[in-house]
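> What follows is a single structure, and I will ask about it in a moment.
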């Protein structure tokens with residue numbers, strides 16, 4: 001408890017600030033998911049509090065995130081469609097899937113899976129994050145122009161024949177479950193069919209229309225109709241929101257621009273009495289548990305969605321642990337990955353019971369918390385309490401927020417979540433594979449495969465396929481390199497040519513040997529190398545004679561390490577010895593050479609480097 005309250009002032013300010021930042025995003029993600037703004041808010045409150053309390057990253061702020069919402073949106077739409085479009089009938093099944101995902105996360109942490117997340121290569125993460133951005137961006141086009149397929153009468157009309165077929169099929173399924181044979185009791189079938197009303201057909205048609213217009217492909221299907229039926233008021237509210245979010249950042253970043261946009265645009269809409277479409281009403285008071293998850297539990301209801309729950313669990317694990325790495329880099333601490341998974345699982349499990357959508361560690365909110373002074377678990381718990389206070393005190397006011405304003409906020413989220421660093425690197429990466437007459441970069445190919453499959457098919461299948469391709473390509477490269485150079489060094493001792501290094505410079509110079517390729521599976525250990533460097537060192541000599549290959553993940557790990565050494569206050573200089581052709585090419589393509597490592601700091605042999613060190617390194621100690 002002493003540690004928990006060791007930074008109470010900074011944690012309060014960090015938690016309150018992160019909670020304010022989380023508010024508009026929680027509402028927006030809730031609406032985007034299909035369960036409404038209250039589900040987003042409930043998830044943000046409970047996950048933030050319990051993931052912080054039980055997690056393994058002291059400064060992490062958790063809640064609904066773009067990747068988790070993108071998958072949840074598909075899960076929710078699928079289960080609702082399977083339950084005749086009745087959200088009340090589908091809700092217990094949806095929440096049970098979310099609860100199961102939380103329990104799986106706890107299990108993943110308990111069996112120690114957290115430490116294996118680091119083996120996900122950078123191109124897979126890059127393609128996945130860019131796909132999330134594309135999905136959010138595209139799916140928010142329709143609400144931002146005020147088009148809702150379920151309300152387009154002429155579009156809904158097209159689905160009435162199919163709706164009648166589905167309703168009749170459901171009648172036959174009900175009779176089969178009741179043991180009624182149609183051929184023996186055809187009158188019962190006719191009797192039930194006669195009870196079908198036009199309203200039943202219309203409701204089923206609306207469900208089919210909504211399903212057809214959902215997702216990226218669905219949005220493109222109805223986009224021509226949407227553009228012919230633009231609601232200019234809704235579009236103006238969305239564009240105004242986007243303008244304020246980007247414009248206000250140029251004035252100050254002290255106040256979150258998303259919150260400013262939310263307040264200003266909602267204020268304008270309400271003050272001028274505009275005929276806009278508000279979000280769903282947010283219930284007042286503390287969320288009540290949905291006990292039907294337990295009382296109406298049927299294994300047959302969730303069996304088809306077992307893999308879906310595993311998808312959410314794995315995605316939440318990846319999302320959270322990537323944010324934990326960001327927090328580590330900012331705070332110079334080390335998170336506990338398995339404990340973090342357990343904490344996230346507990347948060348998602350409790351959120352599901354109370355009707356919240358699942359979430360994970362949120363990068364932007366975590367960064368805001370750290371920059372605002374948050375250092376302990378208390379900051380994340382305070383963020384959750386802050387959102388609860390807003391729910392209890394401002395629920396009726398929040399219910400007046402225009403839906404188009406949240407669509408505008410999500411568009412900026414979609415733009416921001418894309419991995420521009422990876423996209424910018426596409427023209428620069430070496431073309432190391434051939435597909436017929438076409439030469440491609442294997443890193444770019446993996447990223448594009450994950451991006452396309454995630455956007456138009458399935459997020460987790462896409463990541464799995466990307467991992468398989470990356471692994472196969474990596475194994476081929478390692479096999480080729482091993483064939484070129486069979487000697488493997490397993491020791492960490494001074495090499496023969498280092499014996500005569502000036503003894504008076506031992507405190508000032510740190511020599512590190514990089515043995516073997518620098519690739520996605522080794523970047524974590526490589527980044528930890530900076531901890532080996534003594535505080536007296538002013539120069540790091542990196543022996544790269546045996547580093548035959550580096551991939552994109554290794555390249556950026558090297559870049560981050562050098563930036564850390566040059567910006568940690570000691571301005572440690574880095575010298576390269578024996579840099580080989582492929583790693584040099586990679587470094588030159590992104591400007592690491594000569595921007596960070598000038599040519600006169602690169603030596604062919606250690607003897608040349610030793611001569612330079614005698615002439616240029618001062619004996620301080």
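The values are calculated or read from the model by the stated rules, or taken from the named source; none is laboratory data. Note that this is a predicted model, so its numbers are computed, not measured. Methodologically, a virtual Cβ is constructed for each residue, glycine included, from the backbone with ideal geometry; neighbour enumeration extends over all protein chains shown.
> I need the full set of residues from segment 330-344 which are touching a residue at least 24 places away in the same chain (Cβ under 8 Å) and more than 16 Å from residue 69 (Cα to Cα), in order please.
330, 331, 333, 335, 336, 337, 338, 339, 340, 341, 342, 343
> Filter segment 249-283 down to residues that are within 22 Å of residue 16 (Cβ to Cβ) and in the same structural domain as residue 19 (by TED's automatic domain parsing), then give me how many there are.
Result for segment 249-283: 1.
> Name the single residue that is nearest to residue 25 (Cα to Cα) among those in segment 264-273 being without any contact (Cβ under 8 Å) to a residue 60 or more places away in the chain and touching a helix residue (DSSP H, G or I) at 6+ places or on another chain (Cβ under 8 Å).
Looking at the filtered set, the residue picked out is 264.
> Go through the residues of segment 82-98 one by one and say whether even a single one is closer than 24 Å to residue 346 by Cβ and under 20 Å from the mean Cα position of the chain (by Cα).
Checked against the condition, which is being closer than 24 Å to residue 346 by Cβ and under 20 Å from the mean Cα position of the chain (by Cα), segment 82-98 yields at least one hit.
> Quick check on residue 542: is it in contact (Cβ under 8 Å) with a residue 12 or more places away in the chain, in contact with a strand residue (DSSP E or B) (Cβ under 7 Å, 6 or more places away or on another chain) and either in a strand (DSSP E or B) or buried (at least 19 other Cβ atoms within 10 Å of the Cβ) (or both)?
Yes.
> Starting from residues that are farther than 21 Å from residue 605 by Cα and modelled with pLDDT of 80 or more, keep the ones in segment 505-534 and report whichever is surrounded by the fewest Cβ atoms within 10 Å (Cβ to Cβ).
If we take residues in segment 505-534 being farther than 21 Å from residue 605 by Cα and modelled with pLDDT of 80 or more, then 534 is surrounded by the fewest Cβ atoms within 10 Å (Cβ to Cβ).
> So how many residues does segment 246-263 have that are free of Cβ contacts under 8 Å to residues at least 24 places away in the same chain and either part of a helix (DSSP H, G or I) or at positive phi (or both)?
8
> Does segment 214-230 include one or more residues that are in contact with a strand residue (DSSP E or B) (Cβ under 8 Å, 6 or more places away or on another chain) and in a helix (DSSP H, G or I)?
No.
> Got a number for residues in segment 81-121 being over 15 Å from residue 319 (Cα atoms) and part of a loop (DSSP other than H, G, I, E, B)?
Matching residues across segment 81-121 total 6.
> Is it true that some residue in segment 59-75 is over 19 Å from the mean Cα position of the chain (by Cα) and either crowded, with 22+ Cβ neighbours inside 10 Å or assigned to a loop (DSSP other than H, G, I, E, B) (or both)?
Within segment 59-75 (the criterion being over 19 Å from the mean Cα position of the chain (by Cα) and either crowded, with 22+ Cβ neighbours inside 10 Å or assigned to a loop (DSSP other than H, G, I, E, B) (or both)), the answer is no, since none of the residues qualifies.
> Could you check residue 566 against (1) free of Cβ contacts under 8 Å to residues at least 40 places away in the same chain; (2) more than 20 Å from residue 619 (Cα to Cα) and say which number it fails?
(2)
> Does segment 288-307 contain any residue that is free of Cβ contacts under 8 Å to residues at least 12 places away in the same chain and not in a helix (DSSP H, G or I)?
yes
> Residue by residue through segment 594-615, note down the ones that are more than 23 Å from residue 496 (Cα to Cα) and either touching a strand residue (DSSP E or B) at 6+ places or on another chain (Cβ under 8 Å) or assigned to a helix (DSSP H, G or I) (or both).
Those that are more than 23 Å from residue 496 (Cα to Cα) and either touching a strand residue (DSSP E or B) at 6+ places or on another chain (Cβ under 8 Å) or assigned to a helix (DSSP H, G or I) (or both): 594, 595, 596, 597, 599, 600.
> Sticking with this one: Kindly state which helices (runs of 4 or more DSSP H) lie completely within segment 146-208 and contain at least 1 residues that are over 42 Å from the mean Cα position of the chain (by Cα) and either surrounded by 13 or more Cβ atoms within 10 Å (Cβ to Cβ) or modelled with pLDDT of 80 or more (or both).
Answer list for segment 146-208: 160-177, 186-194.
> Out of all the residues in segment 370-382, which are under 13 Å from residue 55 (Cβ atoms) and out of contact with any strand residue (DSSP E or B) (no Cβ under 8 Å at 6 or more places or on another chain)?
376, 377, 378, 379, 381
> Going through 234, 281 one at a time, which residue ends up being under 25 Å from residue 394 (Cβ atoms) and outside any helix (DSSP H, G or I)?
Just a single option satisfies the conditions, and that option is 281.
> I need the full set of residues from segment 461-470 which are over 9 Å from residue 128 (Cα atoms) and either touching a helix residue (DSSP H, G or I) at 6+ places or on another chain (Cβ under 8 Å) or not in a helix (DSSP H, G or I) (or both), in order please.
461, 465, 466, 467, 469, 470
> May I ask you to verify whether residue 17 is surrounded by 24 or more Cβ atoms within 10 Å (Cβ to Cβ), modelled with pLDDT under 95 and closer than 26 Å to residue 112 by Cβ?
no
> Would you mention how many residues in segment 274-317 are more than 30 Å from residue 235 (Cα to Cα) and either surrounded by 12 or more Cβ atoms within 10 Å (Cβ to Cβ) or touching a helix residue (DSSP H, G or I) at 6+ places or on another chain (Cβ under 8 Å) (or both)?
Result for segment 274-317: 25.
> Here's another thing I want to ask about it. I'd like to verify a number: residues in segment 385-440 that are surrounded by 15 or more Cβ atoms within 10 Å (Cβ to Cβ), assigned to a loop (DSSP other than H, G, I, E, B) and over 28 Å from the mean Cα position of the chain (by Cα), how many?
2
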